[in-house]
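Colleague: First, the structure itself, so that you have it in front of you.
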Amino acid sequence: MEKAVSACPLNCWDACSFHVNIDQQEVRSIAGNHDHPVTQGKICGRGRLLAERTNSPQRILHPLKKWNGEWIQISWDQALDEIALKMKEAKEKFSPRAVMHSHDYSNNGLLKCLDQRFFNCFGGLTEVVGSLCWGAGIAAQKWDFGNAYSHAPDDIENSKRIVVWGRNAANTNMHLYIRLQNMKKKGVPITVIDPIHHTTAKLADRYVCIKPGMDGWLALGVIKTILKNGWEDKHFIENYTEGFQDLVELASSISFKEIEKAADVSRETIQELADTYTSGPTSTFLGLGMQRYRNGGNTIRLIDALAAVSGNVGIPGGGCNYGNLAVGESFSKEKLTLPERRKEVRQFTRMNQAEDILGAKELPVEVLFITRSNPLTQVPDTNRVRKAFESVPTVVAVDQYMTDSAAIADYVLPCTTVFEEEDIYYASMYHHYMNYGKKLVPPKGEAKSDREIWKMLAERLGFGDDFKYTTDDFLEMGLQSLNKYGITLEKLKKEQFIELPVDSVPWKDRHFQTPTGKYEFTSTLALQEGFSDGKIKLIYPEESEVNLPEHTKQFPYQLLTIHPLRSNHSQSYHLIGSLQSITVHVSDSIADFKGITEGDTVEIYNKRGRVRGKAKIIKNGHPNVINVDEGQWQRFGGSINVLTPSGESDLGQGSTFYDCKVDIEKIS
């Protein structure tokens, strides 16, 4: 049995280092690498399942073409020749923009960005922008700080107070959860704010049960309390911020009574949170769910403002930790992507790509590539997405399995798994180490890496010279910006993981990346992007009793669709039998009112669709909440996104998944 060091490619906070056991050129098992300074040998079930994902007999092993509604196996040459011809025809008849690339980040890796190189060299495309997961929050922090940076994991040791706001670290960020456990043992108070009383909430010293979508209102209530008591960090505000008076006016425009009612949080709890934030250093760890409402960007802006007002920005043990884009910015991605080669580009948002496809009459989408994603389960309003994708004359899916999205394609091209290719892995969310993953086993069947697929298509389309590089050549291109720090591919291969030159405490020099160089309560960048003003807004979710009173009477319950514990989005449902049914988590108050008991068959529904599953009763969370984990495949009863709305958040870069009201009934 050979043991090799590798890395996890999954789109996750933790970016773990692996020990992989290999026997007879097959991955047998995966364990954590105890030598890694952050992940320290601990990995989750999603990572361990990558062995089964590589070996499963369900894998697609050969190129497939749909012929008269049936799949037939074809050669790579035939598949690529036919796809290239259709791309040429679309480009000649319309423009490069008649070819669309729908992708996301289900699997990371530095060389995954070679898809951009391919389409840029093709002359352009229709690309998707924004993010289903965290887009509004990233936009918010760019408006406030100039970028979305987080403190290094070990900086939590400098915190005197910790607030986990909307993040169930036990499920989605296990190495933070381990650190939280250690800090609790040291006597550091932990507060969790969330509408669901989950595992991380059970660890906390204080659990604040908040009404879904109203986190920004609570943050403003805490700010209002800090200002009322004169506890704000006057030195920071006077010397390093812009627009503070606009925030003061916003806080003055609403009463504590209104905030308590809107957020469903008591005045006493608001006062306790003000004490927590002004008795720091206090670190805040934000989750991704609370920005998935129409008001999501302003929610994050208000929590950012709370960290700034209370003096917890740019200090050890503080921070408003959401994303850590400095990690990805460390690489020379322009060397890999060649942005200067693109001539024509059209942009659809990930959230509204179905509407945009259906509305593109003068310049239709003729060829659609689906890579690194499963939009038929992940993009909101699934039925409309299906209608849009099925309207495209040629759909090409690059995948390892016959997902819901691959099933509606005309061609499916089999791609390799992490252990069948070589790459560099990292995550722009938590820690700032990059991990090296070498090719450990030969590909199953005829599967090929993304790099090989783009190379073979480029050769057929006349720009093959742009891909006449080895994997090492491309990796060295991406590492060029790090060479001045003594970081080379040779060194990375030897050491397996290397810490990137990223600040452990962002903004410690009080120089921000905003146009003014200061923290901006009122954003200059917002004005540059065409927004009417850059002031922080206090907004209700779209599907709220204030905005849509009749709709919320008909559909009174809040549907959340949180990340599953055992599957990275939709990637593992087909591999775990116990996951292949819908579980509907229902608050005990709804269950009591509707006469629902554990195990009952229930149906949740709204005007967009219906989903049926087995009820599981949840306690101690907000009384009007229903949750169904996202990612379920159609064949197993999904997708839950048949219920969720398309549309964009207030700052234009995020989804509104959670802005979703439903009703529920027990099925006899």
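The values are calculated or read from the model by the stated rules, or taken from the named source; none is laboratory data. Predicted, not measured: the structure shown is a model, and the values here were computed from it. Don't worry about glycine lacking a Cβ; one is built from the backbone with ideal geometry, like all the others, and counts go over all protein chains shown.
Colleague: With segment 589-633 as the region, which strands (runs of 3 or more DSSP E) entirely inside it contain at least 1 residues that are aliphatic (A, V, I, L, M) and without any contact (Cβ under 8 Å) to a residue 40 or more places away in the chain?
Modeller: Working: elements: 601-605, 610-618, 625-627.
Fully inside segment 589-633 and qualifying: 610-618.
Colleague: Given the criteria buried (at least 20 other Cβ atoms within 10 Å of the Cβ) and assigned by TED's automatic domain parsing to the domain that holds V365, does S102 qualify?
Modeller: Against the criterion (buried (at least 20 other Cβ atoms within 10 Å of the Cβ) and assigned by TED's automatic domain parsing to the domain that holds V365), S102 qualifies.
Colleague: All but one of (1) out of contact with any strand residue (DSSP E or B) (no Cβ under 6 Å at 6 or more places or on another chain); (2) at pLDDT below 95 hold for N298, so report the exception by its number.
Modeller: Failing condition for N298: (2).
Colleague: Scan segment 11-23 for residues that are at pLDDT below 95 and touching a Lys or Arg at 6+ places or on another chain (Cβ under 8 Å) and report the count.
Modeller: So the answer is 1.
Colleague: Return yes when S581 is within 15 Å of E630 (Cα to Cα), in contact with a helix residue (DSSP H, G or I) (Cβ under 7 Å, 6 or more places away or on another chain), surrounded by fewer than 16 Cβ atoms within 10 Å (Cβ to Cβ) and not assigned by TED's automatic domain parsing to the domain that holds A263 and no when it is not.
Modeller: Against the criterion (within 15 Å of E630 (Cα to Cα), in contact with a helix residue (DSSP H, G or I) (Cβ under 7 Å, 6 or more places away or on another chain), surrounded by fewer than 16 Cβ atoms within 10 Å (Cβ to Cβ) and not assigned by TED's automatic domain parsing to the domain that holds A263), S581 qualifies.
Colleague: Name the single residue, out of those in segment 255-283 being among the hydrophobic types (A, V, I, L, M, F, W, C) and within 11 Å of T225 (Cα to Cα), that is surrounded by the most Cβ atoms within 10 Å (Cβ to Cβ).
Modeller: Taking segment 255-283 as the starting set, the residues that turn out to be among the hydrophobic types (A, V, I, L, M, F, W, C) are 256, 259, 262-263, 265, 270, 273-274.
Next cut, within 11 Å of T225 (Cα to Cα) only: 256, 270, 273-274.
Numbers: F256: 14, I270: 22, L273: 26, A274: 22.
Looking at residues that are among the hydrophobic types (A, V, I, L, M, F, W, C) and within 11 Å of T225 (Cα to Cα), I get L273.
Colleague: Moving to a separate point now. Does any residue in segment 67-90 that is farther than 15 Å from A397 by Cα and assigned by TED's automatic domain parsing to the domain that holds C415 come within less than 7 Å, Cβ to Cβ, of a residue that is of a type in the set (D, E) and surrounded by 17 or more Cβ atoms within 10 Å (Cβ to Cβ) six or more places away or on a different chain, and which pairs are these?
Modeller: Pairs that qualify, where the first residue is farther than 15 Å from A397 by Cα and assigned by TED's automatic domain parsing to the domain that holds C415 and the partner is of a type in the set (D, E) and surrounded by 17 or more Cβ atoms within 10 Å (Cβ to Cβ), are A90/E366.
Colleague: For F555, state whether it is over 30 Å from T644 (Cα atoms) and either free of Cβ contacts under 8 Å to residues at least 12 places away in the same chain or among the aromatic types (F, W, Y) (or both).
Modeller: On the way: over 30 Å from T644 (Cα atoms): no; either free of Cβ contacts under 8 Å to residues at least 12 places away in the same chain or among the aromatic types (F, W, Y) (or both): yes.
No.
Colleague: Now for a different question. Cβ-Cβ distance below 6 Å, separation of 6 or more or different chains: which pairs start in segment 228-239 with a residue that is part of a helix (DSSP H, G or I) and end on one that is of a type in the set (A, V, I, L, M, F, W, C)?
Modeller: Here the result reads I237/F244, each pair linking segment 228-239 to a residue that is of a type in the set (A, V, I, L, M, F, W, C).
Colleague: So K343 passes all but one of these: (1) buried (at least 24 other Cβ atoms within 10 Å of the Cβ); (2) in contact (Cβ under 8 Å) with a residue 40 or more places away in the chain; (3) of a type outside the set (D, E). Which condition number does it fail?
Modeller: K343 satisfies every listed condition except (1).
Colleague: In segment 137-144, is there at least one residue being over 16 Å from the mean Cα position of the chain (by Cα) and not in a helix (DSSP H, G or I)?
Modeller: no
Colleague: Only residues that are more than 21 Å from L525 (Cβ to Cβ) and either β-branched (V, I, T) or part of a strand (DSSP E or B) (or both): list them for segment 283-310, please.
Modeller: Residues satisfying the conditions are S283, T284, F285.
Colleague: What is the number of the single condition among (1) charged (D, E, K, R); (2) within 29 Å of H569 (Cα to Cα); (3) buried (at least 23 other Cβ atoms within 10 Å of the Cβ) that K112 does not meet?
Modeller: (3)
Colleague: Of the residues in segment 250-290, how many are modelled with pLDDT of 95 or more and either in contact with a Pro (Cβ under 7 Å, 6 or more places away or on another chain) or of a type outside the set (A, V, I, L, M, F, W, C) (or both)?
Modeller: 24
Colleague: Given the structure, is W507 crowded, with 19+ Cβ neighbours inside 10 Å, on the phi > 0 side of the Ramachandran plot and under 26 Å from the mean Cα position of the chain (by Cα)?
Modeller: Criteria met by W507.
Colleague: Another question about this same structure. Would you point out the residue of segment 175-217, among those that are β-branched (V, I, T) and under 21 Å from A152 (Cβ atoms), that is surrounded by the most Cβ atoms within 10 Å (Cβ to Cβ)? Outline the logic, then answer.
Modeller: Step one: filter segment 175-217 for residues β-branched (V, I, T), giving 178, 188, 190-193, 196, 199-200, 208, 210.
From the residues that got through so far, the ones that are under 21 Å from A152 (Cβ atoms) too are 178, 188, 190, 200.
Working: I178: 16, V188: 18, I190: 21, T200: 25.
Across segment 175-217, the extreme among qualifying residues is T200.
Matching residues to (1) part of a strand (DSSP E or B); (2) modelled with pLDDT of 95 or more; (3) surrounded by 14 or more Cβ atoms within 10 Å (Cβ to Cβ):
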residue: P37; (1), (2), (3): no, yes, no
residue: I43; (1), (2), (3): no, yes, yes
residue: A51; (1), (2), (3): no, yes, yes
residue: L61; (1), (2), (3): no, yes, yes
residue: K65; (1), (2), (3): yes, yes, yes
residue: L80; (1), (2), (3): no, yes, yes
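Colleague: Do the conditions hold for L180, that is, is it free of Cβ contacts under 8 Å to residues at least 40 places away in the same chain, of a type outside the set (S, T, N, Q), assigned to a helix (DSSP H, G or I) and under 17 Å from C320 (Cα atoms)?
Modeller: Yes.
Colleague: Out of the residues in segment 473-489 that are within 16 Å of D423 (Cβ to Cβ) and touching a residue at least 24 places away in the same chain (Cβ under 8 Å), which is nearest to the chain's Cα centre (by Cα)?
Modeller: G478
Colleague: Here is a list: K553, K484, K535, K494. Which entry is part of a loop (DSSP other than H, G, I, E, B) and either out of contact with any strand residue (DSSP E or B) (no Cβ under 7 Å at 6 or more places or on another chain) or surrounded by fewer than 14 Cβ atoms within 10 Å (Cβ to Cβ) (or both)?
Modeller: Result: K535 is the single residue among K553, K484, K535, K494 that is part of a loop (DSSP other than H, G, I, E, B) and either out of contact with any strand residue (DSSP E or B) (no Cβ under 7 Å at 6 or more places or on another chain) or surrounded by fewer than 14 Cβ atoms within 10 Å (Cβ to Cβ) (or both).
Colleague: Kindly provide the set of residues from segment 240-254 that are loosely packed, with under 13 Cβ neighbours inside 10 Å and in contact (Cβ under 8 Å) with a residue 60 or more places away in the chain, ordered by number.
Modeller: Scanning segment 240-254 gives a single hit, S253.
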